[in-house]
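Every number in this text was worked out from the coordinates using simple rules, so none of it is lab data. Remember, it's a predicted structure, so these values are computed and weren't measured experimentally. Cβ placement follows ideal geometry from the backbone for every residue including glycine, while neighbour counts extend to all protein chains displayed.
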2 protein chains.
Amino acid sequence: MDPHLLRTFVAVAGTGSFSAAAQELGYTQSAVSQQIAALESDLGATLLHRRPVAPTDAGARLLEHAGPILLRLSAARADVARLAGEPAATVVLGATPCAGGARAAAVLASVQRAMPRVRFTLLVAGRAAVATGVATGTLDVGLVDGVTAPSDPLPLPDAGQLVSSALAESAAVAAFPVGHPLAGRRCIELADLADATWIDAPEVATPLPQLRALAHSGGFRDGFAYPGTDTGGLLELVAAGAGLALLPGPVTHPGVVGVPVTVPRLVHRTELVHGSLTPPARALADAFRS
Amino acid sequence: MDPHLLRTFVAVAGTGSFSAAAQELGYTQSAVSQQIAALESDLGATLLHRRPVAPTDAGARLLEHAGPILLRLSAARADVARLAGEPAATVVLGATPCAGGARAAAVLASVQRAMPRVRFTLLVAGRAAVATGVATGTLDVGLVDGVTAPSDPLPLPDAGQLVSSALAESAAVAAFPVGHPLAGRRCIELADLADATWIDAPEVATPLPQLRALAHSGGFRDGFAYPGTDTGGLLELVAAGAGLALLPGPVTHPGVVGVPVTVPRLVHRTELVHGSLTPPARALADAFRS
DNA sequence: TGATTTTACGATGGCCGTAATCATT
DNA sequence: AATGATTACGGCCATCGTAAAATCA
């Protein structure tokens with residue numbers, strides 16, 4: 001199972017086309033066809049239905065493994081490179097929208113002042129992008145926020161020895177439109193909200209699948225998807241009655257009421273996450289922790 | 001980073017010799033040398049010191065990744081094979097020594113009676129062996145026991161979607177030789193034992209590194225190592241004053257006193273663990289859970 | 001019929017083994 | 001010296017690209 005074959009397999013499964021995958025990877029259609037054939041013969045199973053091309057059961061199962069394997073592979077490469085290469089003259093901090101606030105900017109600026117020779121950069125991206133970026137070495141340090149139970153860490157993709165430490169916690173708040181029957185409550189149980197319609201805003205609120213996991217429930221019907229990274233825009237949708245959302249911290253938006261979730265007690269936590277650190281990156285991480 | 005190269009790298013690092021690794025893998029010394037050279041040139045870092053051959057810092061880091069990657073790779077292969085291959089006529093149950101007790105045998109026998117066409121087998125092995133066996137498909141179902149906090153699952157090597165569910169829990173008990181100053185206590189805090197000498201018996205008691213993690217302490221000095229799988233033998237050592245041990249359940253052995261650990265509250269739990277299940281393996285798993 | 005995957009085939013490159021060389025104890 | 005890693009070299013196999021054939025919509 002050559003990683004190359006794995007990579008073209010996920011490309012083919014992702015694009016749903018041999019030719020598109022070939023173009024994406026800089027191969028010939030023929031080469032892709034041969035690679036898939038080789039992989040299938042190696043594993044002794046057909047991985048893809050052709051015309052239309054879609055993963056078989058076995059292929060779908062392989063896909064679940066392929067992503068993490070490829071991720072870990074590049075994490076290993078980046079990890080070794082960081083340890084063996086010359087000391088990097090640049091440090092990139094990745095942050096999710098909510099985590100990369102004023103404090104992040106201030107810390108970054110102060111460390112930059114202390115080490116003028118090193119170039120510090122801030123890069124805002126989604127949760128998954130920050131986590132994989134840190135794992136693969138694209139980012140030196142990550143700031144990730146999300147909602148969990150107080151004793152549990154934030155769920156991160158497995159890419160080896162990622163260190164994460166909590167920086168701050170605040171209450172997790174469910175956002176209702178005014179006039180919603182539950183909007184008057186002082187506090188609320190998550191289970192009561194399983195039947196409501198929710199907005200799936202994975203970048204700025206809590207991803208729905210995670211919400212279902214936290215509540216041990218299959219509910220939480222999703223209405224709109226909100227791929228944006230702007231809290232205000234999401235709250236507009238909530239005010240308009242498009243659905244509920246589980247957000248960090250207090251909600252102050254016309255037409256929206258925030259109620260803290262008490263059972264299970266949920267917190268919005270921002271965590272600092274990193275792999276092995278170059279010296280300047282270590283300085284940045286230490287600055288955040290102090 | 002071809003998995004082949006990774007595999008020979010861990011073999012070389014493990015044996016501490018190019019020639020030994022070559023023999024182990026069925027290669028020539030020359031081939032191994034070339035593979036290591038290729039890997040080092042690919043990663044742009046020297047991974048091994050030569051003469052004596054020992055991993056460099058970068059090599060050690062790579063080793064931390066290589067194991068899980070290789071494990072996951074074979075897990076993927078096994079997973080696909082199980083899903084695509086013909087229905088297996090044999091089911092292998094792996095169990096750690098403490099977990100594979102009378103109940104395991106009884107359940108196995110009853111399922112065997114119900115499905116005479118399928119061959120059910122019990123295989124007793126260490127924790128790690130059972131877990132990796134389940135992950136790589138060598139074992140269909142695993143029974144693993146160990147000590148943790150009540151709310152935490154047992155730590156398992158990451159090999160994808162392993163399902164684990166608790167079967168039974170009992171108190172975790174620290175074993176003292178009679179006459180030990182703490183042996184008279186009704187209950188005990190783990191932190192009080194950090195300065196004591198412990199026997200490292202990873203197969204039958206709690207591995208010391210895990211103990212340190214549970215107590216958030218660097219203590220727990222290790223005296224003897226006890227690689228065996230026999231509780232009686234370990235308790236002989238305890239009685240002789242060789243050190244303490246953290247064990248499942250009540251201790252009844254001459255010269256040894258057991259005291260339950262209360263802070264943090266620790267339990268000895270046996271978990272049922274499996275990946276995807278063939279139908280007969282599913283029957284076995286269901287029998288255990290009911 | 002047309003788009004798309006598969007097969008055929010020749011060329012290139014990679015990898016292993018044999019054997020000679022080099023280095024360290 | 002002797003053990004053990006590296007380098008040199010030749011042969012084999014794998015994989016890619018070009019191009020023709022086959023297959024499904």
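Table for the structure above
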read-out	value
Contour minus Cα-Cα distance for residue A:213 and residue A:64 (0.36 nm per residue)	51.8 nm
Net lengthening on full extension, residue B:23/residue B:221 (0.36 nm per residue, minus Cα-Cα)	67.5 nm
Long-range Cα-Cα pairs in the stretch A:1-159 (distance over 20 Å), rounded percent	63 percent
Chain B: calculated mean residue ellipticity at 222 nm from DSSP helix runs of at least 4, using -39500 (n - 2.57)	-12500 deg cm²/dmol
Chain lengthening between residue B:161 and residue B:115 when straightened (0.36 nm per residue, less Cα-Cα)	13.8 nm
Helix runs (DSSP H) in chain A reaching 24 Å along axis by Cα, Kyte-Doolittle at least -1.0	A:57-84
For q = 0.18 Å⁻¹, Debye-computed log10 I/I(0) when each Cα of the stretch B:231-290 counts as one equal scatterer	-0.74
Exam field: residue B:37 pseudo-label spacings to other copies (7 Å along Cα-Cβ), nanometres	3.4
Computed FRET value (nearest 0.05) for residue A:102 with residue B:149, which takes r as the C-beta separation and R₀ as 45 Å	0.75
Inter-copy separations for residue A:106, label at 7 Å along Cα-Cβ, nm, ascending	6.4
Rotational relation B to A, axis-closest Cβ in chain B, residue and distance rounded to whole Å	B:158, 3
Residue-wise HN-Hα coupling along the stretch A:178-189, computed from phi with Karplus coefficients 6.51, -1.76, 1.60 (Hz; x: Gly, Pro)	4, x, 5, x, 9, 5, x, 4, 7, 8, 8, 9
Gyration tensor verdict on the stretch B:1-73 (Cα atoms; rounded if a/c is under 1.5, prolate if a/b is larger than b/c, oblate otherwise)	rounded
Two-decimal log10 I(q)/I(0) for the protein assembly as shown, as the Debye equation yields it once each C-alpha is a single scatterer, q = 0.05, 0.07 Å⁻¹	-0.27, -0.54
Using a 7 Å Cα-to-Cβ projection, residue A:252 label spacings across copies, nm, ascending	6.7
Amide H contacts of residue B:119 (H built 1.01 Å from N, under 5 Å, at least 5 apart or other chain)	B:90, B:91
Ordering of A:60-66, A:215-221 by burial proxy (mean other Cβ atoms within 10 Å per residue, highest first)	A:60-66, A:215-221
Kirkwood hydrodynamic radius of the stretch B:114-242, Cα pairs, Å	16.8 Å
Principal axes of the stretch B:177-290: Cα extent on each, largest first, Å	53, 30, 27
Mean projected area in nm² (Cα convex hull; one quarter of hull surface) for chain A	17.9 nm²
Spin-label model distance (nm) - residue A:168 vs residue A:41, 7 Å beyond Cα toward Cβ	5.8 nm
